[in-house]
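Notes for the one structure printed next.
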Amino acid sequence: MSIDRDLESGWERQPEAEENGSVLPASSSVLRATNEPSPARASPPQPDPRYSPLLLDYDGSVLSFLGGLGKYQTRLVLLTWIPMLFLAFSSLSDFFFLELPDITCKTNDSGVEDGHWMQLPAGNDTSVLPTTQAPQLPTTATLDAITDTYNNICTCREKVFHIRPGLVKNVVSKWAVVCESSWKVHIAKFSLLVGLIFGYLITGCISDWLGRRLVLMCSVVLNLIFGLTLALSVNMTMFSTLRFFEGFCLAGIFISLYTLRIELCPPNHRFMITMIGSFTALAGQFLLPGIAALCGDWQILQAVIICPFILMLPYWYIFPESLRWLMATLQFEASKKQILEIIHRNRVNTETDIKGVMPELERNLSSSTKKVFILKLVKTRNLWKNIVVLCVNSLTGFGIHHCFAKSLMDPDINLPIIYNFYVNYYTLAGIALASCLVMCPVVSFMGRRGGLLFFMIVTVLASLLQLGLLNLIGKYTLHPETGMSNAVKNKFSFVFSVIGMFSSHAVGSLSVFFCAEITPTVIRGSGLGLVLASAGFGMLTAPIMELHNKKGYFLHHVIFACCTLICTICILLLPESKNQNLPENINDGEHYTRQPLLSHKKGEQPLLLTNSELKDYSGLHDSAALGDAMSENATVNGIKST
């Protein structure tokens, strides 16, 4: 009946390629008009004549013609994995550069005064605990004694620093930024994160306008300049300033490599190839402590982790511009040269060009370039909502991750081993590795949206149970005077912290990958930059809390726990991008619509229809008497039930 009505209204509907709300090929989204169009129906939007549906269907036509992921493209993907090792070294170096050391105060006759004390990372906080004592809640008398000792250490003339991360000298010990000057350490941490945030936003937009390769190479050259100059810093101000610019350049390298990697892969390989890049970065995280121990001095370590970027300078000649981006922006002249290069290297048989990609490319060589700025999102209906949801998810995932990390280091847990630097460092790295390993089967089985929803629910449960259940255990225990309540509470807190860190890391990483898949090629760098910048804002809350002497952590955790509840609902509005073609332009991005998690049975009418399932009911209003003549078995949406 629906088909008859379409024919009577004067339009011939093309068969839908997908029925799950995914991106539709450009060739199947065009409606053909018959000789007698119906005046009662608005004419459908006509495609821009400058667009060639065949050429813009990159995954369905161009990539299949080039043989998918051939040897040449595989080598290019490998070249995007190797720099992830160097990026991990630079982005995690703050663990070693800015670690507050143990302080030994000496008298004028070189005798040790008041023993060996450890300064905790807080501005002018007086929470200084002896390293020989187990962590415990200090009483009023203990606080007074700690305050006197703290003042003696900060006022003594000669301080001896004992650095725990294996270095002999780091930034803190070189310029003695302790006691009243320790706030400069947090400013240095701000500098790297703020540089990353600005870098993601700016370089992402530039990569959409000038290309991925140009942004990559400019970022590599500037990173070498600022990174090597950073090793020659003469004071803390110079270090913090150069750290900002280094973070800016690192962001440009990361977002360019991430975008290139996504745009090289066919749909069925995107996730695993991206995860291999994440595993490479984790390998750098595991290797960094050994490299730091071998270097000894922070300046040597900085030079060692920056110099490998020199190996990326030949990328200008080896690595081509993203072919997908060239095709999406209608740069067909440059696209033709690159396609011929790929055909030559992969030894592709041009006779397999059944769809006629090359002839169509020849006919469109004179097309003018069309580039899109990120502000174009304002005029969209679905695309901007998807990106905003993923921005909030990444902000919440990386923000609450630090809350769980601080809970893991809570002195009430009374586990002295977790105060060892290497145990703490490798615990964080191990949780991240376990999270990535579990993501692979979960996302492969449940899809992008289902996997993100699963990890967000686990994060919600871990945060709510840690905030609420632990207080109930301490309040309603049968024998609180025995001390069993604190022991049980600490065990539960430790378990919930580990689970929360595990799931929140997956939420943040999967949000970034999800955004790269649903954002159109013409603005993929900008959309990815927005989500990565949101993740940076989430991580920025950690040094802000430390700068305020660790006050407000409970409220910090409560706010992010509320955000996880909101995110759980918003994830249901996202589309599913598993095994779907990447959208190339804004119109393709708009075709990504929400669909139910569980597909409805055949013959069952869903309450919420997706775009691909919407029917044309304009014929129902052709006659005023039609409503009176409806049969008894007609449903409320105009489709007869069987």
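Observations, loosely collected:
- Of the residues making up the range 368-376, not a single one is open to solvent by less than 30 Å² (accessible area, probe 1.4 Å), under 23 Å from the mean Cα position of the chain (by Cα) and among the charged types (D, E, K, R).
- Residue match in the range 495-518 (condition: open to solvent by less than 30 Å² (accessible area, probe 1.4 Å) and at pLDDT below 90): yes
- Of all residue pairs spaced 6 or more apart or on separate chains, those with beta-carbon atoms under 9 Å, a first member in the range 279-300 that is over 12 Å from Phe86 (Cα atoms) and a second member that is assigned to a strand (DSSP E or B) are Gly296/Lys169; Asp297/Lys169; Trp298/Lys169; Gln299/Lys169.
- Test: residue in the range 98-111 that is at pLDDT below 90, within 25 Å of the chain's Cα centre (by Cα) and closer than 25 Å to Gly199 by Cα: yes
- Residue ID - least open to solvent (accessible area, probe 1.4 Å), chosen from residues in the range 171-202 that are touching a Leu at 6+ places or on another chain (Cβ under 8 Å) and more than 17 Å from Pro543 (Cβ to Cβ): Gly199
- When residues of the range 316-348 are limited to those that are open to solvent by 80 Å² or more (accessible area, probe 1.4 Å) and free of Cβ contacts under 8 Å to residues at least 24 places away in the same chain, the one nearest to the chain's Cα centre (by Cα): Tyr317
- Test: residue in the range 233-245 that is open to solvent by 50 Å² or more (accessible area, probe 1.4 Å), within 30 Å of Val62 (Cβ to Cβ), modelled with pLDDT under 95 and β-branched (Val, Ile, Thr): no
- Residue match in the range 557-575 (condition: modelled with pLDDT of 85 or more, open to solvent by less than 50 Å² (accessible area, probe 1.4 Å) and not in a helix (DSSP H, G or I)): yes
The values are calculated or read from the model by the stated rules, or taken from the named source; none is laboratory data. Here the structure is a predicted model, which is why all the values come from computation and not from measurement. Every residue, glycine among them, receives a Cβ derived from its backbone with ideal geometry; neighbour counts consider all protein chains shown. These area figures cover heavy atoms from the full protein model, side chains too; ligands, DNA and RNA do not enter into them. Shrake-Rupley method; radii C 1.70, N 1.55, O 1.52, S 1.80 Å.
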